[in-house]
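Everything on this sheet refers to the single structure shown next.
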Amino acid sequence: MSGRVAIVTGGASGIGLAIAERLSADGNAVAIFDRDGDAASAAAAKLEANGGKAIGVTVDVTDRAAIDEGVVYTGAQLDTPTILVNSAGLDGFDPFLTITLEKWQRIIDVNLTGTFQVCQAVVPGMIEAGWGRIVNISSSSAQGGQPVMTHYVAAKAGVIGFTKALALELGPQGITVNTIPPGFIDTPMLRKAEGRGFLGQGVEHHAGTTPVRRVGRPEDIAAACAFLVSEEASYVTGQVIGVNGGRNT
Ligand code: NAP
């Protein structure tokens with residue numbers, strides 16, 4: 001039981017939700033930030049019903065004022081957050097020549113600038129505490145590339161570079177910064193992409209070509225995240241920890 005306060009963005013669904021559940025089960029108080037405030041509150045209520053301490057907060061990671069308010073509210077309700085997991089994300093499937101500047105900007109804003117903004121709001125409290133753990137959820141598509149996703153892949157590659165640079169800057173302050181690039185995890189985002197025909201022959205087909213022969217579960221990412229935010233991971237920083245069933249090495 002680690003007893004710290006964690007913020008998980010995009011924590012109302014999929015990978016973020018599994019991470020929120022795992023960090024709560026490990027004894028941390030959890031603030032679930034999501035643009036869907038009702039879903040965030042419902043998820044927090046479930047954690048509380050299981051004996052945890054949790055709050056749901058309506059935060060769109062593209063809205064700096066809402067982020068700042070959310071961080072202050074978390075501090076007042078739970079205590080200073082010293083664990084941050086950035087899982088809020090938005091995918092996109094568009095042939096390169098059809099991507100408008102507006103669409104490009106939206107994907108960058110949510111995935112990359114959102115990560116930057118939430119980190120900047122939370123890091124001062126970590127510095128004051130002399131301890132912090134940041135895990136940014138990027139994507140295996142940034143390791144291998146992915147057609148019709150240049151905007152998304154560029155944003156997620158940016159998250160990887162951002163993570164490495166921030167780790168060097170914050171290491172002396174007792175703060176680690178790592179990234180997990182998930183590959184093929186069974187979440188609403190993945191199933192929506194499948195439903196829209198963007199996954200070719202579908203999830204089960206791709207699971208069959210994955211070295212470990214299954215689709216990933218959100219809990220697989222949560223397990224890696226639980227390690228990265230733990231006390232014993234203090235010598236692990238600036239790293240890209242792939243969790244993808246062997247699809248990318
Ligand atoms: P998900 O089920 O769609 O969960 C993402 C959550 O983030 C949703 O609750 C979503 O709300 C929320 N969100 C989106 N934009 C937001 C914003 N601007 N501010 C606050 N919250 C926002 O997707 P997931 O698969 O768990 O994805 C989690 C992360 O993993 C994402 O960063 C994604 O890019 C990354 N990832 C996933 C996979 C995979 O195979 N699933 C692979 C590689 C990377 P709405 O539902 O309202 O949009």
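The values are calculated or read from the model by the stated rules, or taken from the named source; none is laboratory data. This one's a predicted model, so the numbers in the text were calculated from it and none came from an experiment. For neighbour counting, all protein chains shown are included, and Cβ atoms are generated from backbone atoms with ideal geometry for every residue, glycine included.
Quick one: would you say THR80 is at pLDDT 95 or above, under 20 Å from the mean Cα position of the chain (by Cα), more than 15 Å from the ligand (Cβ to nearest atom) and surrounded by 15 or more Cβ atoms within 10 Å (Cβ to Cβ)? Break it down stepwise before answering.
On the way: at pLDDT 95 or above: yes; under 20 Å from the mean Cα position of the chain (by Cα): yes; more than 15 Å from the ligand (Cβ to nearest atom): yes; surrounded by 15 or more Cβ atoms within 10 Å (Cβ to Cβ): yes.
Considered against the rule, which asks whether it is at pLDDT 95 or above, under 20 Å from the mean Cα position of the chain (by Cα), more than 15 Å from the ligand (Cβ to nearest atom) and surrounded by 15 or more Cβ atoms within 10 Å (Cβ to Cβ), THR80 comes out as yes.
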Q: Among residues belonging to segment 30-72 that are free of Cβ contacts under 8 Å to residues at least 12 places away in the same chain and assigned to a loop (DSSP other than H, G, I, E, B), point out the one that is surrounded by the most Cβ atoms within 10 Å (Cβ to Cβ).
A: ASP63
Q | Pairs, first among the hydroxyl-bearing types (Ser, Thr, Tyr) in segment 107-136, second assigned to a strand (DSSP E or B) and within 10 Å of the ligand (Cβ to nearest atom), C-beta under 6 Å, six or more apart | A | THR115/ASN86; THR115/ASN136
(Q) Looking at segment 32-40, can you tell me whether even one residue there is of a type in the set (Asp, Glu) and under 22 Å from ILE185 (Cα atoms)? (A) yes
Q) Looking at segment 132-249, what helices (runs of 4 or more DSSP H) fall wholly within it and have at least 3 residues that are away from the ligand (no atom under 13 Å from the Cβ) and more than 20 Å from VAL118 (Cα to Cα)? A) 203-209
Q | Residue selected from segment 6-29 under the condition of a type in the set (Gly, Ala, Ser) and in a loop (DSSP other than H, G, I, E, B), by the criterion farthest from the ligand (Cβ to nearest atom) | A | GLY27
Q: Under 6 Å between Cβ atoms, at least 6 apart or on separate chains: pull out the pairs that start in segment 77-89 with a residue that is under 21 Å from SER139 (Cβ atoms) and end on any residue that is among the polar types (S, T, N, Q) and within 16 Å of the ligand (Cβ to nearest atom).
A: ASN86/THR9; ASN86/THR115; ASN86/ASN136; SER87/THR9; ALA88/THR9; GLY89/ASN111
Q: Just one of (1) of a type in the set (Ser, Thr, Tyr); (2) surrounded by fewer than 22 Cβ atoms within 10 Å (Cβ to Cβ); (3) under 16 Å from the mean Cα position of the chain (by Cα) trips up THR150, so point out which.
A: (3)
Q: All but one of (1) in a helix (DSSP H, G or I); (2) away from the ligand (no atom under 14 Å from the Cβ); (3) within 16 Å of the chain's Cα centre (by Cα) hold for ASP109, so report the exception by its number.
A: (2)
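Here is a check on your reading of the model: is VAL118 within 13 Å of the ligand (Cβ to nearest atom), within 20 Å of the chain's Cα centre (by Cα) and β-branched (Val, Ile, Thr)?
The answer is yes for VAL118.
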